[in-house]
Amino acid sequence: NHSGFGLKILRLHLDSVYCCFPYIDNWLQVAVTPRIEELTLRLHEKYEFPCSLLSAGVRGSIRSLLLGLCVFHPTLELGQLRSLTRLTLRDVRITGEELECLLSNSLALEHLDFITCKEIIFLKIPSALLQLSYLRVCGCWDLQVIENKAPSLSTFALIGFVSKLSLGEASQMMKVLSLEHANVVCYARAKLPSIMPNLETLVLGSSAELNTPMLPTKFLNLKHLIIQISVATLPPSYDYFSLVSFLDASPSLETWYLEVYPEDMEHESVFEGSSDLRQLPEYRHDNLKSVEIIGFISARSLIELTCCIVKSAVSLKRLTLDTLRGGGRCSGGNGGDCSDQICSAVSKAVVEEAFRGVAAIRKYIEDKVPSTAKLIVLEPCPRCHTTTVLDYSGNVDLASCR
């Protein structure tokens, strides 16, 4: 974007084209002028970004800085980046001490993103960042401690585990939280209601999970809940029904998205053993309007959870049960032209379990959904996953499976 008096927006992706780098310093000195507002550079892991590029004029105009695949060694002598509101570092070699120097010179920051910055061990967010509202830390696997003192932080995302997480006074006013690490669902239910009482959106991703405890603490303001359990095989002892603890704890909840990845279904099927299903006695939820379960299977505890939701959520408008894993379908099931497409490949065991999930929905859930709610059942594709469901016993005769 060129105005005739210098670039305002520069986006340059060189990645591994290392032959360009003997000339890049001089070129950037010409291209990056005091009128620059947005600078996005994806360079090379050996290239050291020159701090001299951030001259006094550039520091006064730049609003957004995204650096990727480079080395960056800022010092306190860098000077104030008075207009910088958005900073993203992706695959950047920078230490925690150097980052602290950069942040102390960027007092207008509102949005911070750190992605796979492997040399950061201690991340300190200073209290001087009064405008900072968004912080995401993703895949910084050597990171051990996050200490935030920015008072206005309202959205925080962490993918990975740290031994110490302190969000300071911002915890009390946190609105959106996203966490991804093993056993995070159980942790969130046990710890977060007292730490973050004003949460409105909670996103949890887990690669291994424990049963969720039923506790008296509440998420009084939680409106949107997303839970993704990505482990291929949960132990047979895992109880999906224990997730009803979130429903009980969240009287303001409006949407609930639950995603599971049932590669191997080791749980007791609803078609085995007793026909009695657990319930929450005399429980009513007044605000839940939309529920979506991806990877729906015939596990008894998941059927019990779904039945409990249907029975208690008196304002339910939409229930979506996807027996596979969301996207990756051709249009064969929607009357479209799919002559040159097929669904994403899944194992024979997953398709068989998907059809058992459909049978479980028809037998245990379908007639319990009130007329005021829309039930959407996403079955295996009739073109790519052909089968015959013999009955509601859960037995399937698989004719073909791609």
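General remarks:
- Here Thr40 passes the criteria (1) modelled with pLDDT of 95 or more; (2) assigned to a loop (DSSP other than H, G, I, E, B); (3) of a type in the set (S, T, N, Q) except the one numbered (2).
- Per-region count, the stretch 100-136, residues open to solvent by 70 Å² or more (accessible area, probe 1.4 Å) and either within 16 Å of Arg82 (Cβ to Cβ) or in contact (Cβ under 8 Å) with a residue 60 or more places away in the chain (or both): 4
- Test: residue in the stretch 224-233 that is open to solvent by less than 60 Å² (accessible area, probe 1.4 Å), in contact with a helix residue (DSSP H, G or I) (Cβ under 9 Å, 6 or more places away or on another chain), at pLDDT below 95 and of a type in the set (A, V, I, L, M): yes
- Residue match in the stretch 174-190 (condition: free of Cβ contacts under 8 Å to residues at least 12 places away in the same chain and more than 30 Å from Leu107 (Cβ to Cβ)): yes
- Applying the condition of being among the aliphatic types (A, V, I, L, M) and assigned to a helix (DSSP H, G or I) to the stretch 187-199 and asking which residue is surrounded by the most Cβ atoms within 10 Å (Cβ to Cβ) yields Ala188.
- All positions within the stretch 74-93 that are in contact with a Leu (Cβ under 8 Å, 6 or more places away or on another chain) and within 22 Å of Gln144 (Cα to Cα): Pro74, Leu87, Thr88, Leu89, Arg90, Asp91, Val92
- Scanning the stretch 281-296 for residues that are over 22 Å from the mean Cα position of the chain (by Cα), open to solvent by less than 60 Å² (accessible area, probe 1.4 Å) and of a type outside the set (Phe, Trp, Tyr) yields a total of 2.
- Qualifying positions in the stretch 43-87 - of a type in the set (A, V, I, L, M, F, W, C), in a helix (DSSP H, G or I) and more than 23 Å from Leu135 (Cα to Cα): Cys51, Leu53, Ala56, Val58
- For Leu65, the conditions (1) farther than 17 Å from Val137 by Cα; (2) crowded, with 16+ Cβ neighbours inside 10 Å all hold with the exception of (1).
- Some residue of the stretch 386-401 being under 17 Å from Ile342 (Cβ atoms) and at pLDDT 65 or above: no
- Residue in the stretch 112-119 that is aromatic (Phe, Trp, Tyr), assigned to a loop (DSSP other than H, G, I, E, B) and at negative phi present: no
- Selected residue (criterion: least open to solvent (accessible area, probe 1.4 Å)) from residues of the stretch 305-346 that are within 22 Å of the chain's Cα centre (by Cα) and modelled with pLDDT under 60: Gly326
- Test: Ser127 is touching a Pro at 6+ places or on another chain (Cβ under 9 Å) and part of a loop (DSSP other than H, G, I, E, B): yes
- The residue of the stretch 143-186 that is most open to solvent (accessible area, probe 1.4 Å), among those that are in a helix (DSSP H, G or I) and in contact with a strand residue (DSSP E or B) (Cβ under 8 Å, 6 or more places away or on another chain), is Gly168.
- Some residue of the stretch 289-299 being assigned to a loop (DSSP other than H, G, I, E, B) and at pLDDT 95 or above: yes
- Complete set of residues in the stretch 133-142 that are touching a strand residue (DSSP E or B) at 6+ places or on another chain (Cβ under 7 Å) and not charged (D, E, K, R): Ser133, Tyr134, Leu135, Val137, Cys138, Gly139, Cys140
The values are calculated or read from the model by the stated rules, or taken from the named source; none is laboratory data. What you are looking at is a predicted structure, and each value in this text was computed from that prediction instead of being measured. FYI the Cβ positions are ideal-geometry reconstructions off the backbone, even for glycines, and counts take in every protein chain you see. We work out accessible area using only protein heavy atoms, side chains counted, and drop any ligands, DNA or RNA first. Shrake-Rupley method; radii C 1.70, N 1.55, O 1.52, S 1.80 Å.
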